[in-house]
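Read the structure below first, then the notes.
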Amino acid sequence: MLPRIEIEGRPPTADQVVPGLLANYGHFTAMQVRDRRVKGLHLHLRRLDQANRELYDAPLPGDRVRDLISHALADDVRDAAVRVVVSGLDSPSVMVVVRPPVTSPATPRRLMAVDYTRPLPHVKHLGGFGQRHHARRAVRAGYDDALLTGDGVVVEGSIANIAFFDGDGVVWPRADWLHGVTMQLLERELPSRREPVRLADVGRYRGAFLANSIGVVAVSRIDDVEFTVDAEALARVQAVYDAIPADPV
């Protein structure tokens, strides 16, 4: 039965959970497992190791993380949404959360721009109060999610990278964002470039999409700017993403 939670390969105890909750300090990565494989697993493991070195001055070996994920999946789970969380202050622990698999939304997303950028944006860290707060504000205002901006420049979605179609390829905002795993995979396979994207100028692009571990989804609106969803262009992006081989856990 899911969800399933393990800390250091065992069912969690209160003594393990409470310190992490109270500290609210750490980092994580989120991935989708299909047939016990993950697209960009090596990038997820590298992200965890790099963040661990920065936050805790210690490496986090990929083989150890892979073993903990495999143990949490056990023999009965082949498809799942998996989150690996490293939390605590002096003695961080590794928690693996296994939940039912998630797929991309079926309908294009409408985004409300907000003036907010995450602290230490290159780290996928805990304590995401800001982006969750703005995402909830956006939903209450009739949108699907928030678009984070700073000084009038587009940065990222609340939990995803954003990209734009300009007729020549895919444009990723040049900003202080989290270099998402799906973004890294797509950048290698698509004609891509990075450039500053001003919020006032988003209307000059042919369309946009969001990308994260769940996949890709079209953007149909940013504030008052509406995009005609280019189904053909999005289908090409989806096909490229689907063709990327996955790594065994």
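The values are calculated or read from the model by the stated rules, or taken from the named source; none is laboratory data. The shown structure was predicted, so the numbers you read here are calculated from the model rather than taken from an experiment. Glycine also receives a Cβ, built like all others from the backbone with ideal geometry; neighbour counts cover every protein chain displayed. We work out accessible area using only protein heavy atoms, side chains counted, and drop any ligands, DNA or RNA first. Shrake-Rupley method; radii C 1.70, N 1.55, O 1.52, S 1.80 Å.
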Completion exercise
Among residues of the range 108-123 being under 12 Å from V139 (Cα atoms) and charged (D, E, K, R), the residue least open to solvent (accessible area, probe 1.4 Å) is R109
Completion exercise
Going through (1) in contact (Cβ under 8 Å) with a residue 40 or more places away in the chain; (2) of a type outside the set (S, T, N, Q); (3) buried (at least 19 other Cβ atoms within 10 Å of the Cβ); (4) under 26 Å from Y143 (Cα atoms) one by one, W172 fails only at (1)
Problem - Residue ranges of strands (runs of 3 or more DSSP E) in the range 176-249 with at least 2 members surrounded by fewer than 16 Cβ atoms within 10 Å (Cβ to Cβ) and touching a Phe, Trp or Tyr at 6+ places or on another chain (Cβ under 8 Å) - result: 192-195
Exercise for the section: Among the residues of the range 130-174, write down those that are within 20 Å of H27 (Cβ to Cβ) and assigned to a loop (DSSP other than H, G, I, E, B). Expected result: S158, I159, A160
Fill in the blank from the handout: Counted residues in the range 89-103 being surrounded by fewer than 18 Cβ atoms within 10 Å (Cβ to Cβ) and in contact with a strand residue (DSSP E or B) (Cβ under 8 Å, 6 or more places away or on another chain) come to 6
Practice task
Go through the range 37-60 residue by residue and tally those that are touching a residue at least 60 places away in the same chain (Cβ under 8 Å) and either under 16 Å from S213 (Cβ atoms) or hydrophobic (A, V, I, L, M, F, W, C) (or both).
Solution key: 11
Exercise for the section: Restrict the check to the range 107-118 and report whether at least one residue is in a loop (DSSP other than H, G, I, E, B) and within 23 Å of V38 (Cα to Cα). Expected result: no
Completion exercise
Screening V181, V225, V237 for residues that are of a type in the set (A, V, I, L, M) and touching a strand residue (DSSP E or B) at 6+ places or on another chain (Cβ under 7 Å) leaves only V237
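Between L60, L55, which is crowded, with 16+ Cβ neighbours inside 10 Å, more than 18 Å from the chain's Cα centre (by Cα) and not in a helix (DSSP H, G or I)? I'd like the intermediate steps shown before the answer.
Values: L55 fails: not in a helix (DSSP H, G or I).
L60 is the lone residue from the list that is crowded, with 16+ Cβ neighbours inside 10 Å, more than 18 Å from the chain's Cα centre (by Cα) and not in a helix (DSSP H, G or I).
From the list L22, L68, L43, L2, which residue is under 23 Å from G128 (Cα atoms) and surrounded by 12 or more Cβ atoms within 10 Å (Cβ to Cβ)?
Values: L22 fails: surrounded by 12 or more Cβ atoms within 10 Å (Cβ to Cβ); L68 fails: under 23 Å from G128 (Cα atoms); L2 fails: under 23 Å from G128 (Cα atoms).
Just one listed residue meets the conditions, L43.
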